[in-house]
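*Asks:* The structure is given below, and queries will be raised subsequently.
The values are calculated or read from the model by the stated rules, or taken from the named source; none is laboratory data. Fair warning: this is a prediction, and the values are worked out from it, not measured in the lab. Note: ideal-geometry Cβ built from the backbone for every residue, glycine included; neighbour counts use all protein chains shown. Quick note on the areas: whole protein, heavy atoms, side chains included, nothing else; ligands and nucleic acids left out. Shrake-Rupley method; radii C 1.70, N 1.55, O 1.52, S 1.80 Å.
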Amino acid sequence: MDEVKCFIPKSLDEALRIRKEFHAKPLAGGSDLMVSYYKGIGIAPVFPFPVMIISNLSDELGTIRKEDDGVHIGALSTPNEIASSMVVPYPVRKAASLMGAPSLRNTATIGGNIGNASPKGDLPQPLILLDAEVVLRSVDGERRMKVDDFILGSKKTALADDEIITGIVIPEVKATHYFYHKIGMRRANAISKLSLSALFDVEDGVVVDFRASSGAAGPKVRRSRDAEEILIGLKLDEVSGKTGEFLSAWNSILSPHAMPEYRRASTRRMLLGFIEEVASGALPGNYE
Amino acid sequence: MDAEIRFTLNGKSVIFIGNPLRRLVDVLREDFGMLGVKEGCGEGECGACSVIKDGKLVTSCIIPVGSVDGSEIMTIEGLREKEEGKCLIDAFADGGAVQCGFCIPGMVLASYVLLRSNPHPTEDEIRLAISGNICRCTGYDLIVESIMLAAKRGEELWTK
């Protein structure tokens, strides 16, 4: 029997030392790793790399709190904890509430969802909409980078082999209108076929900010500040005249590899519906 | 590489010594004889292996035993000894909720977690609470009705 190293650190400091020395991969909720390396009934999963079980570090990595620079979400926070925390911005709460099923929402973690970097992962999409940063720690210190820069592509991240994802920081974002929609095949345990979030910030009839973020429509979540700028600064009654230009710019950044017509058309329809609603003077939403 | 994992199983302190990557479902069934914990999909989606970990519903097929150190685990074998468990089991039997029975331990545990936090659930809330528990026999309606029956009969049990 080949010996695969498995560590169970008792503190974050110990986990960081193990990460540095053995490059052990953190195993948190297990909803990705335990499934990927499933061997069968009665058989322990076998990992081709050293792992460390970090699910017991939630005292250090499981808190959600508001600070001066934004909302800090510990890497071990579960979708249920995120969905029920009112300090978390609406699209992230909404995405968390629609992940998997109740039991999965008690085990999966935000750190794992980002670290796994699946193009269909549910949390990176709204986090990227909000310019959230991932906090990475090693024994040598801490660095932060935007989630959008951290996720390089399908299942690829900028995580160094001595680093652990310790949390997420979502900066304060002003928005009067939010949109979030996930298209899945069923209400529970649905892997996203397509997802979209968007926001408007409208002040005195002028679009002060507009953003969109497309999930499961390419190897990674897509945003385009250039496309978003097409609508920013417009008066609400000018928006419909520019919507077509925006939609075609947005379409050009999508690169779905399967069912591209469906994904492009559905993205267009969702964006159009939201933009028309706001442009026609919809009242700011209540996102409690 | 053996690990020593201590946890509470249905109210009793237990110690597991062995590979910490073994799945909780296997350890519960094979080492502790908790055969009410079923394995269906092995991917955390069907809910047959549901157990309650520190008050929360989880699927034991995706949890390595190394992550339950210090936790309290309850399986159907523990729940059936409690008044709430008896109430649910009787309601499931009387309501005709059980056909092959494979999903039922997980269904009952999911129902218990629901009624503990929400003693008067609507039908939608019940369907959401059991949305991670797949049943291939019943079409769910009799299960939903049985959970409503348990909520009604158990009134004071769920609000205490």
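*Asks:* Take the residues in the range A:122-138 that are in a loop (DSSP other than H, G, I, E, B) and open to solvent by less than 10 Å² (accessible area, probe 1.4 Å), then tell me which one is nearest to B:Arg127 (Cα to Cα). Outline the logic, then answer.
*Replies:* Looking only at the range A:122-138, we keep the residues that are in a loop (DSSP other than H, G, I, E, B), and these are A:122-123, A:130-132.
Still in the running and open to solvent by less than 10 Å² (accessible area, probe 1.4 Å): A:123, A:130, A:132.
Working: A:Leu123: 24, A:Leu130: 32, A:Ala132: 33 Å.
Ranking the candidates gives A:Leu123 first.
*Asks:* With the condition being modelled with pLDDT of 95 or more and under 14 Å from the mean Cα position of the chain (by Cα), I'd like the helices (runs of 4 or more DSSP H) fully within the range A:57-109 carrying at least 2 qualifying residues.
*Replies:* Details: elements: A:58-61, A:79-83, A:90-97.
Hits in the range A:57-109: A:79-83, A:90-97.
*Asks:* While we're looking at this one, here's another question. Could you go through the range A:92-101 and let me know if any residue there is open to solvent by 20 Å² or more (accessible area, probe 1.4 Å), out of contact with any helix residue (DSSP H, G or I) (no Cβ under 6 Å at 6 or more places or on another chain), more than 23 Å from A:Tyr287 (Cα to Cα) and not aliphatic (A, V, I, L, M).
*Replies:* No, the range A:92-101 has no match at all.
*Asks:* (1) modelled with pLDDT of 95 or more; (2) out of contact with any strand residue (DSSP E or B) (no Cβ under 8 Å at 6 or more places or on another chain); (3) at the interface with another protein chain (Cβ under 10 Å from one of its Cβ atoms): which one isn't true of A:Asp32, the others all being true?
*Replies:* The number of the failed condition is (1).
*Asks:* Testing A:Asn116 on (1) within 16 Å of A:Ile165 (Cβ to Cβ); (2) crowded, with 23+ Cβ neighbours inside 10 Å, one condition comes back false. Which one is that?
*Replies:* (2)
*Asks:* A further question on this structure: Considering only residues that are more than 25 Å from A:Ser58 (Cα to Cα) and open to solvent by less than 20 Å² (accessible area, probe 1.4 Å), which ones fall in the range B:43-60?
*Replies:* Listed by number, the list holds a single entry, B:Ala48.
*Asks:* While we're looking at this one, here's another question. Considering each of B:Ala97, B:Ala93 in turn, give the residue that is surrounded by fewer than 15 Cβ atoms within 10 Å (Cβ to Cβ), more than 26 Å from B:Ser13 (Cα to Cα) and either aromatic (Phe, Trp, Tyr) or not assigned by TED's automatic domain parsing to the domain that holds B:Val58 (or both).
*Replies:* B:Ala93 is the lone residue from the list that is surrounded by fewer than 15 Cβ atoms within 10 Å (Cβ to Cβ), more than 26 Å from B:Ser13 (Cα to Cα) and either aromatic (Phe, Trp, Tyr) or not assigned by TED's automatic domain parsing to the domain that holds B:Val58 (or both).
*Asks:* Residues that are within 23 Å of A:Gly121 (Cα to Cα), open to solvent by 10 Å² or more (accessible area, probe 1.4 Å) and not assigned by TED's automatic domain parsing to the domain that holds A:Asn116, at least 2 per element: which strands (runs of 3 or more DSSP E) completely within the range A:168-247 meet that?
*Replies:* Counting at least 2 such residues, we get A:177-183.
*Asks:* Every residue in the range B:5-27 that is away from every other protein chain (no Cβ under 12 Å) and under 18 Å from the mean Cα position of the chain (by Cα), please.
*Replies:* Listed by number, the residues that qualify are B:Thr8, B:Leu9, B:Asn10, B:Gly11, B:Lys12.
*Asks:* Let me ask another. I need a count of the residues in the range B:11-35 that are crowded, with 21+ Cβ neighbours inside 10 Å and either hydroxyl-bearing (Ser, Thr, Tyr) or within 13 Å of B:Pro105 (Cβ to Cβ) (or both).
*Replies:* Within the range B:11-35, residues that are crowded, with 21+ Cβ neighbours inside 10 Å and either hydroxyl-bearing (Ser, Thr, Tyr) or within 13 Å of B:Pro105 (Cβ to Cβ) (or both) number 4.
*Asks:* Let me ask something else about it. When only residues in the range B:61-70 that are under 18 Å from B:Ile17 (Cα atoms) and not acidic (Asp, Glu) count, which is most open to solvent (accessible area, probe 1.4 Å)?
*Replies:* B:Gly70
*Asks:* Then there is this: Could you please let me know if A:Arg143 is open to solvent by 20 Å² or more (accessible area, probe 1.4 Å), free of Cβ contacts under 8 Å to residues at least 60 places away in the same chain and under 22 Å from B:Cys61 (Cβ atoms)?
*Replies:* The answer is no for A:Arg143.
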